[in-house]
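Here is the structure we will look at.
The values are calculated or read from the model by the stated rules, or taken from the named source; none is laboratory data. None of these values were measured; they are calculated from a predicted model. In this analysis, Cβ positions are derived from the backbone assuming ideal geometry, glycine residues included, and neighbour counts consider all displayed protein chains.
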Amino acid sequence: MHPWSLRNIQIEWMMDLAEYDVIEKTIRYKFKDKFLLRMALTHSSFANEQKELASNERLEFLGDSVLSLVVTEYIYRQLPEIDEGYLSKLRASLVCEPALAKKARYIRLGNYLKLSHGEELSGGRERSSILADALEALIGAIYLDGGLESAREFIMNFVLDDFDDIYNSSGAFDYKSKLQEFAQKNGYSISYIVTDESGPDHDKTFYVEVIVNNEAMGHGAGKTKKEAEQNSAKEALEKIRII
């Protein structure tokens, strides 16, 4: 390698280290292996242009799985009454591209990305797909550098930090808990009754009626009893104009 080329790489690396110190303070995690952070911030367009650097695509692949695991475990433990279908919908809203891009913008991740000249000119630093992928790559890098608990801490601080707001607006609402709150506040009794079942054992549909203070207030159907109960509670809440 030409001496000037080596000198340029050394200068660039020193500039990177200064930037890395800023982003590490922002994300509250200090990398032991700075190369992992550098890789997480290297878009494929830059790697292809330089023809010698690894891009963040493999880290993104890893980070996607780590993110899914942590988010899935969190909502599973937080929402024991929520049916699998609701949990899937909620998880999708938490890890979708717009949601992750929003989080990436919050920590100004786009400022630190290494992009090709063409990608830079076309607004790549603000493109949601690039930002979301870079955030997943960053999660993958933290996982490799510090393990699952470090990745979990980052996800809790910067992805699940507004979980309650997203949960309440996601459509994956815990209608049973909301109806229970209403009943307790007013001193009402509440119960769920399976009124019917249909279909073969491997594909059953359950029909449930919710009784509030000895009055049938809602009916619901679902592939599981819990889903049917949620749907019956939703109808009851609509009748009493809670939602």
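Every residue, every condition in (1) within 26 Å of ASP161 (Cα to Cα); (2) in contact with a helix residue (DSSP H, G or I) (Cβ under 9 Å, 6 or more places away or on another chain); (3) not polar (S, T, N, Q), yes or no:
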| position | (1), (2), (3) |
| --- | --- |
| GLU24 | yes, yes, yes |
| LEU41 | yes, yes, yes |
| ASN56 | yes, yes, no |
| LEU69 | yes, yes, yes |
| LEU87 | yes, yes, yes |
| LEU94 | yes, yes, yes |
| ALA99 | yes, yes, yes |
| LEU113 | yes, yes, yes |
| HIS117 | no, yes, yes |
Residue in the stretch 135-146 that is of a type in the set (Ser, Thr, Tyr) and either surrounded by 13 or more Cβ atoms within 10 Å (Cβ to Cβ) or assigned to a loop (DSSP other than H, G, I, E, B) (or both) present: yes
The correct count of residues that are under 12 Å from TYR74 (Cα atoms) and at pLDDT 95 or above in the stretch 154-168 is 4
Out of (1) crowded, with 16+ Cβ neighbours inside 10 Å; (2) over 16 Å from ASP162 (Cα atoms); (3) modelled with pLDDT of 95 or more, what's the single condition that is false for ASP83? (3)
Taking the conditions exactly as written (surrounded by 13 or more Cβ atoms within 10 Å (Cβ to Cβ), touching a residue at least 60 places away in the same chain (Cβ under 8 Å) and either part of a helix (DSSP H, G or I) or out of contact with any strand residue (DSSP E or B) (no Cβ under 9 Å at 6 or more places or on another chain) (or both)), does ALA132 satisfy them or not? no
State whether the residues of the stretch 71-78 include one that is crowded, with 19+ Cβ neighbours inside 10 Å, among the β-branched types (Val, Ile, Thr) and modelled with pLDDT of 80 or more. yes
Would the stretch 51-60 turn up any residue that is surrounded by fewer than 18 Cβ atoms within 10 Å (Cβ to Cβ), of a type in the set (A, V, I, L, M) and more than 21 Å from the chain's Cα centre (by Cα)? yes
Residues being crowded, with 18+ Cβ neighbours inside 10 Å, free of Cβ contacts under 8 Å to residues at least 40 places away in the same chain and not aliphatic (A, V, I, L, M): count how many of those fall in the stretch 101-126. 2
Filter result for GLY147 (within 33 Å of the chain's Cα centre (by Cα), at positive phi and not aromatic (Phe, Trp, Tyr)): yes
Is there a residue being over 30 Å from the mean Cα position of the chain (by Cα) and farther than 23 Å from PRO80 by Cβ anywhere in the stretch 223-238? no
Scanning the stretch 60-102 residue by residue, those part of a helix (DSSP H, G or I) and in contact with a strand residue (DSSP E or B) (Cβ under 9 Å, 6 or more places away or on another chain) turn out to be GLY85
Using the structure shown, decide if GLU49 is modelled with pLDDT of 95 or more, of a type outside the set (Lys, Arg), farther than 30 Å from GLY222 by Cα and touching a Ser or Thr at 6+ places or on another chain (Cβ under 9 Å). no
Residue pairs, Cβ under 8 Å, 6 or more apart or interchain, first in the stretch 77-97 and in contact (Cβ under 8 Å) with a residue 40 or more places away in the chain and under 21 Å from SER129 (Cα atoms), second among the aromatic types (Phe, Trp, Tyr) and surrounded by 16 or more Cβ atoms within 10 Å (Cβ to Cβ). List them. LEU90/TYR167; LEU94/PHE163
